1. Quickly run through region 82-103 and pick out the residues that are closer than 19 Å to residue 12 by Cβ and exposed (fewer than 10 other Cβ atoms within 10 Å of the Cβ).
2. If you scan region 64-81, which residues turn out to be surrounded by 21 or more Cβ atoms within 10 Å (Cβ to Cβ) and either more than 17 Å from residue 108 (Cα to Cα) or at pLDDT below 95 (or both)?
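The values are calculated or read from the model by the stated rules, or taken from the named source; none is laboratory data. All values reported here derive from a predicted model rather than from experimental measurement. Every residue, glycine as well, gets a Cβ built from its backbone with ideal geometry; the counts of neighbours run over all protein chains shown.
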């Protein structure tokens, strides 16, 4: 399942540079699939919506850093554990029960975003 950042976030920003998928954004900042990935053209989001890879999407959170589940792979294929959770000083990066995915699904998402 994807990782989420809870309301306990202190906005330190430690998590953002650790994400290999560029799935973490500062509160209020729009996100795009193409940010930090190799995706070009159209891309199908988790809810089935087809979007342009460079299209800006509404922020998931306004007041704290957030993780877009459409790009989160729990660092599968990159690290042994989610790096955001490993560096978070207040332990607010936790599994997001709304987005349950198998390891195979997470690896397929990673492969779709990173061609090499």
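1. 89, 91
2. Once the filter is applied, which keeps residues that are surrounded by 21 or more Cβ atoms within 10 Å (Cβ to Cβ) and either more than 17 Å from residue 108 (Cα to Cα) or at pLDDT below 95 (or both), region 64-81 yields 65, 66, 67.
Yes/no per residue for (1) part of a loop (DSSP other than H, G, I, E, B); (2) without any contact (Cβ under 8 Å) to a residue 40 or more places away in the chain:
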| site | (1), (2) |
| --- | --- |
| 46 | yes, no |
| 55 | yes, yes |
| 69 | yes, no |
| 73 | yes, no |
| 78 | yes, no |
| 84 | no, no |
| 89 | yes, no |
| 109 | no, yes |
| 115 | yes, no |
